[in-house]
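Novice: Have a look at this one before I ask anything.
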Amino acid sequence: MNPKIEKLAKDIEKTKAKIAEQQARLQDLEKQKTELENTDFVAGAPQLPPDAPGTGRILKNAADGVRTGVFAAGTGGSA
């Protein structure tokens, strides 16, 4: 095979390997960023003490997908 073609083929393989390494690094960095953003989001949310009245009900409703608020759905809260 032509030496120039062989050299280019080797360069292509080296470049592909570097690209794969950088893509893996990028994925790891994005994962770290997402984890930090999620931590910040949770840290910024209002916290209830675990022994506060109604905490168990609130957590159970959240786990069950029940949405609660000041007014029940459909009442609107105004006349």
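Novice: Of (1) under 25 Å from the mean Cα position of the chain (by Cα); (2) of a type in the set (Ser, Thr, Tyr); (3) at pLDDT below 75, Thr75 satisfies all except one. Which?
Specialist: Of the numbered conditions (1) under 25 Å from the mean Cα position of the chain (by Cα); (2) of a type in the set (Ser, Thr, Tyr); (3) at pLDDT below 75, the odd one out for Thr75 is (1).
Novice: Listed residues Val66, Val70; which is β-branched (Val, Ile, Thr), part of a loop (DSSP other than H, G, I, E, B) and at pLDDT 70 or above?
Specialist: On the way: Val70 fails: at pLDDT 70 or above.
The conditions single out Val66.
The values are calculated or read from the model by the stated rules, or taken from the named source; none is laboratory data. Note that the coordinates shown come from a computational prediction; the quantities given were computed from them, not determined experimentally.
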